[in-house]
1. Of the residues in segment 12-47, how many are surrounded by 15 or more Cβ atoms within 10 Å (Cβ to Cβ), assigned to a helix (DSSP H, G or I) and modelled with pLDDT under 90?
2. All but one of (1) under 25 Å from N240 (Cβ atoms); (2) outside any helix (DSSP H, G or I); (3) of a type in the set (D, E, K, R) hold for E101; which doesn't?
3. Among the listed residues G136, G143, G129, which satisfies the condition of being under 28 Å from E48 (Cβ atoms), touching a Lys or Arg at 6+ places or on another chain (Cβ under 9 Å) and small (G, A, S)?
4. Taking A204 and the conditions (1) closer than 13 Å to E187 by Cα; (2) over 25 Å from the mean Cα position of the chain (by Cα); (3) surrounded by fewer than 15 Cβ atoms within 10 Å (Cβ to Cβ), which numbered condition does it fall short on, given that it satisfies the others?
5. Please enumerate the residues belonging to segment 56-70 that are surrounded by fewer than 21 Cβ atoms within 10 Å (Cβ to Cβ) and either touching a residue at least 60 places away in the same chain (Cβ under 8 Å) or not in a loop (DSSP other than H, G, I, E, B) (or both).
6. So is Y144 modelled with pLDDT under 95, part of a strand (DSSP E or B), within 14 Å of the chain's Cα centre (by Cα) and under 30 Å from Q39 (Cβ atoms) or not?
7. Could you check, for segment 117-127, whether at least one of its residues is part of a loop (DSSP other than H, G, I, E, B) and closer than 26 Å to D20 by Cα?
8. Within segment 167-243, considering only helices (runs of 4 or more DSSP H) that don't extend past its boundaries, which have at least 2 residues that are under 27 Å from E105 (Cα atoms)?
Amino acid sequence: MDLESLGSHTKSLVTNIPVDQEHPTYKHYKETLPSFPNQAVYIYSFKENRMVYAQGWEEILGYSDDEITMLTIVTITTPRFLKFSAELNDKAMMFLANQTENLEEYSFTLELEKVHKNGTIVPLFSRVGIHKADNGQIEEIIGYSEVIKTLKLGDVMQYAAYGPKVNEFEAALNQELFQHYAISRKEREALILAAKGYAFKEIAEELGVSQSAIEKRIIPLYRRFNVKSLPHLIGFAYQNNIL
């Protein structure tokens, strides 16, 4: 496990303690949470500093449900995605720690690779959200990971933020993650229309935002991906499975 690649905030939050399948909390979630093929779920408690529920991990990553831990899930990310995903988790949790209302409506998604227990690489689409909060404090997070066998991952990490203050949430992530080859849902949304030949003004009208908002989504991508023009950016996006 590469603990050095984890953000300080993440390292302070996660533990290597698996679920207790005899605990009433585990049994409650076992009875109430649905399960689906090729999908695994966990619930991690910050109050108890351990995993309180895990299901489906042996099927997708080879770890039994009473073996998988939060620390394992974080650190079995492949090297090219590890630092980015750790920082995304870190910055997302730091943003959410400063929110006090409607916490259970926040979540974020990302595409990444995990290392199966047998050493093979598994492409996953993962979603992490606030499962339980009380008096403005996060008590539990819930994470879903789904195997997407047709997912083609380039060198650019794709992620998205959701929630009541989604613009602030995504802006915070964009600012902190700018050093990485990464693109947000809103940036990709604008880039898709640019690739179809839409002018910035037309993209703005289509998405119901100002032209300056579209410029702020697309133009910074030139420097981030070291391209010189919009056609170059679109070509780069196709090469890296963004489009």
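1. 1
2. (1)
3. Sole residue among the options that is under 28 Å from E48 (Cβ atoms), touching a Lys or Arg at 6+ places or on another chain (Cβ under 9 Å) and small (G, A, S): G143.
4. (3)
5. Answer for segment 56-70, where residues must be surrounded by fewer than 21 Cβ atoms within 10 Å (Cβ to Cβ) and either touching a residue at least 60 places away in the same chain (Cβ under 8 Å) or not in a loop (DSSP other than H, G, I, E, B) (or both): E58, E59, I60.
6. So Y144 does not fit the description; no.
7. So far as segment 117-127 goes, yes, one or more of its residues are part of a loop (DSSP other than H, G, I, E, B) and closer than 26 Å to D20 by Cα.
8. So the answer is 185-195, 200-207, 211-224.
The values are calculated or read from the model by the stated rules, or taken from the named source; none is laboratory data. Note that this is a predicted model, so its numbers are computed, not measured. Ideal geometry is used to build each Cβ from the backbone, glycine not excepted, and the neighbour counts take in all protein chains shown.
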